[in-house]
Amino acid sequence: MATYVLAMTGASGAPYALRLLQVLHASGHNIHLLMSYAATRVLVEEVGLDFSADQIDVPQLLNYKARPVPNAAANPGWVKHHTLTNFSAPVASGSARSDGMIICPCSMGTLAAVAQGMSTNLIHRAADVHLKERRKLIVVPRETPLGRVHLENMLHLTDAGGIVLPAMPGFYHRPQSLDDLIDFLVNRICDHLGLDISLTSRWGGEG
Ligand SMILES: Cc1cc2nc3c(=O)[nH]c(=O)nc-3n(C[C@H](O)[C@H](O)[C@H](O)COP(=O)(O)O)c2cc1C
């Protein structure tokens, strides 16, 4: 089973991250969880979960509106939360194993820091490590409209080897609910991690 870094930052879209966390965990994968202070504020606003950024209640995140995951593993993975000042955490070093990192949702502030190599917190540093080690880094930015600085930072990140996968769900699977829209995006992230997970139907009738 794989080990991933999942970072939540203070952009709108916490339900995407919670579903992704649940899907990866239920599929047997291990997760280093990072959460910015702003992400905890967004969590309160969007899903009503109120944590200090230093003390995240992982079981509550895993149980939040938990839904079935197709082909779930017999044994779920582990989830370890690290505070953003803990540069001794494994994810701060390229010598620690990781099969990829996802920043979901990704604020324009974190996007800028990662695109410009400013490793001022553990999320920025872990992303920098993934880029320098040529590992998979998927950022899920959310802002609208996008200004020139945002667009330039996305281009920088793409040029550096990152994957910019915006929180832009499609509608061609005919979503009946918000859960369907969330699953569309989470499935695209899982696809880019190379995981064989189908949460929604696919174009062409598969799944
Ligand atoms: C409820 C809420 C929603 C927000 N939505 C966004 C957003 O969609 N995109 C964004 O770039 N910033 C958004 N922000 C602002 C960021 O949280 C803020 O710029 C913060 O400094 C980002 O810090 P971080 O990157 O360390 O998480 C939002 C803030 C709040 C409180």
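Read-outs throughout are calculated quantities, based only on the coordinates presented, and are distinct from any laboratory measurement. Everything numeric in this text was worked out from a predicted model, so none of it was measured. Don't worry about glycine lacking a Cβ; one is built from the backbone with ideal geometry, like all the others, and counts go over all protein chains shown.
A few comments on the model shown:
- Taken over the stretch 50-105, the residue count meeting the criterion of being assigned to a helix (DSSP H, G or I) and exposed (fewer than 15 other Cβ atoms within 10 Å of the Cβ) is 3.
- Inter-residue pairs, beta-carbon under 6 Å, first of a type in the set (F, W, Y) and in the stretch 43-59, second part of a helix (DSSP H, G or I), 6+ apart: F51/T40
- Scanning the stretch 106-120 for residues that are near the ligand (Cβ under 7 Å from one of its atoms) and of a type outside the set (G, A, S), we see that the one that is surrounded by the most Cβ atoms within 10 Å (Cβ to Cβ) is T110.
- From the options D54, D50, D99, residue that is among the acidic types (D, E) and touching a strand residue (DSSP E or B) at 6+ places or on another chain (Cβ under 7 Å): D99
- Looking only at the stretch 121-148, and only at residues there that are more than 15 Å from the chain's Cα centre (by Cα) and closer than 23 Å to P169 by Cα, the one that is nearest to the ligand (Cβ to nearest atom): E143
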